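Report on the following structure.
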Amino acid sequence: MPDLMKAIETFFEGCKQIEEAHRQKHYPRVPAPEWKLQELQKRFRIVSGSGVHCFIDKATGDVLKAESWAKPAKHARGNVFDAHNGLEKMGPYGPAYLR
C-alpha cells in the first residue's frame, strides 16, 4: 500500500485550499478556521473550526462523510489513493452527499 500519511497530508492540504477559496470568495471578512488532523483508533478525523470535516479510514484510505463528531457515515466518498487524491467530491463543507 502506498504511503498513507503522505496521501493524507496531501488530502488535508487540499481540503484546506478548497475551503479557503470558498471563504475568500463568499466570506472574505470571516477569519479562517483552525484545521486539525486527529488520529483515532481506526481512522483519522479532520476538524475544521469546531466541526468534523470528514474521516479517513486507516485500513483502506477511504474518505468518509461525518455522521456525527465520533462516527462517519456509511459509504466512501473517495479514496486518498485515487487519481484525485480523494478530493473529487470534496466541497468547502466536507464530502458530497451520495446521489
From GLU39, GLU67, GLU19, which residue is under 25 Å from ASP3 (Cβ atoms), out of contact with any Pro (no Cβ under 8 Å at 6 or more places or on another chain) and of a type in the set (Asp, Glu)?
GLU39
What is the residue count in region 66-85 for residues that are farther than 23 Å from SER50 by Cβ and small (Gly, Ala, Ser)?
3
Could you list, in sequence order, the residues of region 70-91 that are surrounded by 16 or more Cβ atoms within 10 Å (Cβ to Cβ), part of a loop (DSSP other than H, G, I, E, B) and touching a residue at least 12 places away in the same chain (Cβ under 8 Å)?
ALA76, ARG77, VAL80, PHE81, ASN85, GLY86, LEU87, LYS89
What are the residues in region 63-99 that are closer than 21 Å to PRO33 by Cβ and β-branched (Val, Ile, Thr), if any?
VAL63
Could you list, in sequence order, all residues of region 52-67 that are exposed (fewer than 13 other Cβ atoms within 10 Å of the Cβ) and in contact (Cβ under 8 Å) with a residue 12 or more places away in the chain?
ALA59
Testing PHE44 on (1) within 18 Å of MET5 (Cβ to Cβ); (2) free of Cβ contacts under 8 Å to residues at least 12 places away in the same chain; (3) not hydroxyl-bearing (Ser, Thr, Tyr), one condition comes back false. Which one is that?
(2)
Show the residue pairs that are 6+ apart or on different chains and have beta-carbon atoms under 6 Å apart, the first residue being within region 17-30 and within 16 Å of GLU88 (Cα to Cα), the second being surrounded by 11 or more Cβ atoms within 10 Å (Cβ to Cβ).
ILE18/MET90; ILE18/PRO92; GLU19/PRO92; HIS22/PRO92
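All of the numbers you see were taken from the coordinates with simple rules; none came from a lab. Just so it is clear, the structure is predicted and the values come from calculations on it, not from any experiment. Please note: Cβ atoms are built from the backbone with ideal geometry, for glycine as well, and neighbour counts cover all protein chains shown.
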